[in-house]
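Single-structure report; data block below.
Bear in mind these aren't lab numbers, they're just calculated from the coordinates by the rules spelled out. All values reported here derive from a predicted model rather than from experimental measurement. Here the Cβ positions follow ideal geometry from the backbone for every residue, glycine too, while neighbour counts run over all protein chains shown.
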Amino acid sequence: MRVIGCLPQRSVIWRMSTSRVAEFSIALTRYLDGNGAATGPLPGFAAAPADLLPLYRGMLRTRSFDAKAVALQRTGRLGTFASSLGQEAVGVGAASAMAAEDVLLPSFRDQAAQLWRGVTPLELLLYWGGDERGSDFAGPREDFPICVPVASHVPHAAGVALAMKLRGEARAALCLIGDGATSKGDFYEALNIAGVWRLPLVVVVANNQWAISVPRAAQSAGETLAQKAIAAGVPGEQVDGNDVIAVRDGVARALERARSGGGASLIEALTYRLTDHTTADDARRYRDDAEVTPHWHGEPVARLRQYLVANGVWSREDEEHALAGAAGEIEQAAQAFLATGPQPLSAMFDHLFARLPASLRSQRDAALGGEADNG
Amino acid sequence: MADATLVEAIDLALARAMQEDARVLVLGEDVGRDGGVFRATDGLLARFGPGRVLDTPLAEGAIAGLSVGLAAQGFRPVAEIQFMGFAYATIDQMLNHAARLRTRTRGRLSCPMVLRTPCGGGVHAPEHHSESGEACFTNIPGLRIVVPSSPRRGYGLLLAAIRDPDPVLFLEPTRLYRAMREPVSDDGTALPLDQCAILREGGDVALVGWGAVVREMLAAAQQLAEEGVAAEVIDVATLVPLDAASILASVGTTGRCVICHEAPLTAGFGAEIAAQLAGPGLLSLLAPVERVTGWDVVMPLPRLERHDMPSVARIVAAARRSLRHG
């Protein structure tokens with residue numbers, strides 16, 4: 001039989017071949033459970049319970065500062081303020097792992113880390129009271145001012161880390177962000193670059209479960225925020241953000257890796273925002289007490305206190321003494337803040353450029369009430 | 001003194017700045033091995049090495065943000081954005097951070113960075129490659145905006161921008177990159193920032209503009225001269241801070257002004273110059289201020305772009321309209 005005019009048919013069988021080219025898992029580190037009991041051996045810095053007292057005092061001091069700042073705002077003496085109630089362990093744990101010569105790039109809820117780094121309560125109150133001098137830190141001169149637009153400082157942190165790497169320094173940049181920030185392009189762009197260039201950068205996400213009214217589940221479909229590191233080729237891990245030992249341990253390991261040429265890391269610290277987003281927010285509009293109340297169990301201050309008390313290094317008297325001491329320091333700062341007069345009006349112009357351009361002199365004069373007008 | 005195009009002059013200025021100051025770094029997309037898509041960074045990687053010339057991943061916002069971090073740490077980053085249409089992604093960084101770091105920290109931290117980007121039309125480039133977006137940046141306090149109009153001015157102004165202790169947006173007219181050669185002395189001499197340059201003197205009408213359109217302004221002045229009209233040609237050069245005094249002085253003599261820019265008319269930077277003339281300059285005006293600009297349209301693709309860009313004929317016509325008054 002002849003078949004004419006018909007090309008032989010060629011059948012191609014595409015053999016399916018699937019191989020696994022990448023795998024990842026995300027570890028979660030916790031040393032103290034919600035009742036303040038050790039879940040296992042503690043890291044070296046926490047081996048002696050008394051060595052944890054500075055961390056505890058740092059958290060108490062932050063909580064005292066937040067309470068005072070909110071009170072000042074409620075009585076019309078401070079501007080809008082973002083309390084860190086419930087997440088003090090993230091800032092204290094991260095900052096306490098830093099060396100003085102590392103650089104902190106904080107967000108707007110990171111007073112715990114800033115206070116630990118040596119930014120003074122007076123400086124913080126000045127800033128939140130509407131005075132730029134509050135960001136002219138006398139202490140950590142290279143630390144950045146807080147970032148308000150969310151995540152846009154992660155590229156700065158990569159730049160700071162790049163500067164350190166180019167100079168061959170054994171230093172690192174530490175950037176603090178929130179869960180909402182991990183949805184932004186700046187975060188991905190910076191982490192990606194930090195991965196490619198193995199920058200000495202540690203990004204710590206204080207995942208407090210809420211970005212104003214948007215809960216964590218509505219922020220990302222990823223099981224964890226830490227796994228966002230995987231796409232950038234850098235290690236990502238979770239720590240219990242209400243366990244200051246876990247935060248410090250995780251951040252210390254990441255900083256050590258960064259300073260020794262091992263590159264960047266992302267650490268997601270799981271915590272909870274026990275208060276409003278800011279004093280301008282009313283969280284009852286989007287979450288009720290039934291959602292919030294369970295999170296008071298295991299909050300960072302009570303958790304470490306239970307551990308310290310159980311180990312005999314902290315008493316009720318110590319607590320009262322420490323609270324009074326912190327309140328006294330903060331009160332003194334508040335009085336100093338309230339007694340600080342405003343900057344001279346010219347300050348608006350004086351720091352715009354290194355030298356005031358000629359074209360701005362007439363505006364400055366007009367602002368100062370001189371003869372020149374706005375022309 | 002060798003002849004150079006604008007893009008060669010930019011390259012010379014970058015090399016000079018890197019040679020004289022170890023803090024100067026060049027970073028951006030394809031600035032290393034490729035020498036930049038326009039070759040503005042040609043040869044820099046070979047000469048200065050990968051520690052000073054950094055090919056970045058493709059992320060404009062982060063290129064600007066990295067530069068903020070580097071600058072705050074004492075480096076002098078010179079970042080390249082490949083085309084102005086992609087520079088809009090840097091506005092958040094330039095506005096919220098670069099331009100206000102000094103103010104926010106009361107001088108504790110500062111941001112001596114330069115963000116370079118080609119701008120403008122006329123080279124038949126693809127979509128988003130021919131933007132004149134300077135006015136999107138001119139309302140940012142604390143940011144300098146500098147635009148050269150020739151190879152020699154590109155060399156001197158870029159050196160000044162890199163040496164300046166504050167952030168500078170440096171716009172390089174794409175159309176001028178290879179349009180002409182002129183002698184450029186690579187002697188490290190900067191041109192002054194914050195000052196207009198009077199490129200041609202004349203007492204009848206002032207033509208005021210910046211960047212590539214300065215060529216059309218000069219050609220228009222030549223044509224007007226043949227009609228017996230003496231046009232003064234002012235290259236604004238630094239848009240912000242604006243040297244309004246030089247423009248007001250010129251219009252004080254001429255009483256007439258034609259403002260030229262490629263960017264759209266409405267709220268283009270020419271509007272600020274017009275406002276200066278309507279304010280302190282009002283009593284010198286003998287005629288309404290004329291503006292010859294791009295229309296208020298989306299930058300057309302190449303087949304129509306020349307109908308959007310200010311032409312010599314439009315500038316001459318505007319000058320003639322101005323001269324009919326008084």
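Using a Gaussian network model of chain A whose springs link C-alpha atoms within less than 10 Å, name the residue from A:Pro49, A:Pro145, A:Pro344 with the highest mean-square fluctuation.
Comparing A:Pro49, A:Pro145, A:Pro344 in a Gaussian network model of chain A, the most mobile one is A:Pro344.
Please report how far the C-alpha centroid of the stretch B:273-319 lies from that of the stretch A:270-307, rounded to the nearest whole angstrom.
If we compute the Cα centre of each part, the gap is 59 Å.
Let me confirm one metric for peptide A:347-358, namely the mean number of other chain beta-carbon atoms within 10 Å of its residues' beta-carbons.
The shielding value for this peptide is 6.
In square nanometres and to one decimal, what's the mean projected area of the convex hull around the Cα atoms of the protein assembly as shown?
Mean projected area for the protein assembly as shown: 43.8 nm², to one decimal.
Provide the three semi-axes, in whole Å and in decreasing order, of the ellipsoid equivalent to chain B as defined by the square roots of 5 times the Cα gyration tensor eigenvalues.
Largest first, chain B gives 33, 20, 18 Å.
So what is the calculated 222 nm ellipticity per residue for chain B, using -39500 (n - 2.57) for each DSSP H run with n of 4 or more, over all residues, to the nearest 500 deg cm²/dmol?
-10000 deg cm²/dmol
Simple spin-label model, 7 Å along Cα-to-Cβ: A:Ala358 to A:Leu166 in nm?
If labels sit at A:Ala358 and A:Leu166, their model points lie 3.3 nm apart.
Going by amide H atoms built from the backbone, whose H comes under 5 Å of the H on B:Asp186, apart from near neighbours?
B:Ala2
Net charge around B:Ala249, counting only other residues with Cβ within less than 13 Å of its Cβ (Lys, Arg = +1; Asp, Glu = -1)?
-3
Based only on the alpha carbon positions, what is the Kirkwood hydrodynamic radius of chain A, in angstrom?
By the Kirkwood definition, the hydrodynamic radius is 22.7 Å.
Among A:Gly168, A:Gly250, A:Gly233, which one shows the biggest mean-square fluctuation in a GNM of chain A, springs joining Cα atoms closer than 10 Å?
The residue that fluctuates most here is A:Gly168.
Averaging sequence separations of C-alpha pairs under 8 Å and six or more residues apart, then dividing by the length of chain B, give the relative contact order as a whole percent.
About 16 percent, as a whole number.
So, counting K/R as plus one and D/E as minus one, what does the shell of residues with Cβ under 12 Å around A:Pro215 add up to?
So the environment of A:Pro215 carries a net charge of +1.
Which order do A:Tyr127, B:Tyr155 fall in if you start with the one that has the fewest other Cβ atoms within 10 Å?
Ascending number of Cβ neighbours within 10 Å: A:Tyr127, B:Tyr155.
When N is the residue count of the stretch A:236-299, what does its C-alpha Rg come to as a fraction of 2.2 N^0.38 Å?
Computed over Cα atoms of the stretch A:236-299, the ratio equals 1.49.
Straight-line reach only, C-alpha to C-alpha below 17 angstrom: list the lysines that A:Lys184 could link to, leaving out same-chain residues fewer than 8 apart.
A:Lys228
Please list, in order along the stretch A:261-268, the HN-Hα scalar couplings obtained from phi with the Karplus expression 6.51 cos²θ - 1.76 cosθ + 1.60 (θ = phi - 60°), rounded to whole Hz, x for Gly and Pro.
Per residue, the Karplus-derived 3J(HN,Hα) values read x, x, x, 8, 8, 10, 10, 9 Hz.
Find how many whole Å separate the alpha carbon centroid of the stretch B:93-148 from the alpha carbon centroid of the stretch B:30-86.
15 Å
Within chain A, which whole H helices from DSSP have a Cα span along their axis of at least 20 Å and a mean Kyte-Doolittle hydropathy of -0.5 or more, if any?
The answer, listed by residue number, is A:53-74, A:244-259, A:316-338.
A:Leu32's amide H: which non-local residues (gap 5+, or another chain) put their own amide H closer than 5 Å, with H modeled 1.01 Å from N in plane and none for Pro or chain starts?
When sequence neighbours closer than 5 places are left aside, the close amide H contacts are A:Thr39, A:Ala246.
Just to check I understand the Karplus step: with θ = phi - 60° and J = 6.51 cos²θ - 1.76 cosθ + 1.60, what whole-Hz values come out for the stretch A:134-143, glycine and proline as x?
For the stretch A:134-143, the Karplus curve yields x, 9, 9, 4, 6, x, x, 5, 8, 5 Hz.
For a bin width of 10 Å, list the pair-distance distribution of the stretch B:197-324 built from all Cα-Cα distances, rounded to whole %.
It works out to 14, 49, 31, 6, 0, in whole percents.
Loop only per DSSP, at most 15 neighbouring Cβ atoms within 10 Å: give me the GluC sites (Glu not before Pro) in the stretch A:279-375, ordered by residue number.
Of the GluC sites (Glu not before Pro), the ones in loops of the stretch A:279-375 whose Cβ has at most 15 other Cβ atoms within 10 Å are A:Glu371.
Taking K and R as +1 and D and E as -1, what net charge do the other residues with C-beta under 13 Å from the C-beta of B:Pro50 add up to?
After counting each charged neighbour, the total is +3.
Report ³J(HN,Hα) in whole Hz for each residue of the stretch B:180-186, in order, from the Karplus equation J = 6.51 cos²θ - 1.76 cosθ + 1.60 where θ = phi - 60°; Gly and Pro get x.
7, 10, 8, x, 10, 8, 7
Report the charge-dipole magnitude of the protein assembly as shown in Debye, nearest 20, computed about the Cα centre from +1 at each Lys and Arg Cβ and -1 at each Asp and Glu Cβ.
Dipole about the Cα centre, nearest 20: 1040 debye.
Find the relative contact order for chain A and round it to a whole percent, using C-alpha pairs within less than 8 Å whose residues are 6+ positions apart.
Answer for chain A is 22 percent.
Counting Lys and Arg as +1 and Asp and Glu as -1, each charge on the Cβ, what is the dipole of the stretch B:186-230 about the Cα centre in debye, to the nearest 20?
Result for the stretch B:186-230 is approximately 100 debye, rounded to the nearest 20.
Non-local amide H neighbours of B:Glu232 (under 5 Å, H modeled in plane, Pro and chain starts lacking H): which ones?
Those lying under 5 Å, H to H, from B:Glu232 are B:Gly202, B:Asp204, B:Val205, B:Ala206, B:Leu207.
Considering only B:Met113, B:Met18, B:Met180, give the residue with the highest GNM mean-square fluctuation for chain B, with springs between Cα atoms whenever their separation is below 10 Å.
Sorting by GNM fluctuation, first place goes to B:Met180.
What ranking do B:Cys136, A:Cys175, B:Cys196, B:Cys119 get, fewest neighbouring Cβ atoms within 10 angstrom at the top?
B:Cys136, B:Cys196, B:Cys119, A:Cys175
Which one of A:Leu176, A:Gln219, A:Asn192 is farthest out on the positive end of the charge dipole of the stretch A:101-245, using unit charges on Cβ (Lys, Arg +1; Asp, Glu -1) and the Cα centre as origin?
Of the candidates, A:Asn192 comes out farthest on the positive side.
Please report, in debye to the nearest 20, how large the charge dipole of the stretch A:248-288 is about its Cα centre when each Lys and Arg carries +1 at its beta carbon and each Asp and Glu carries -1 there.
Once rounded to the nearest 20, the dipole reads 160 debye.
Would you compute, for the Cα atoms of the stretch A:212-361, the largest minus smallest coordinate along each principal axis and list the three values in descending order, in whole Å?
On the principal axes, the stretch A:212-361 reaches 61, 49, 43 Å in Cα extent.
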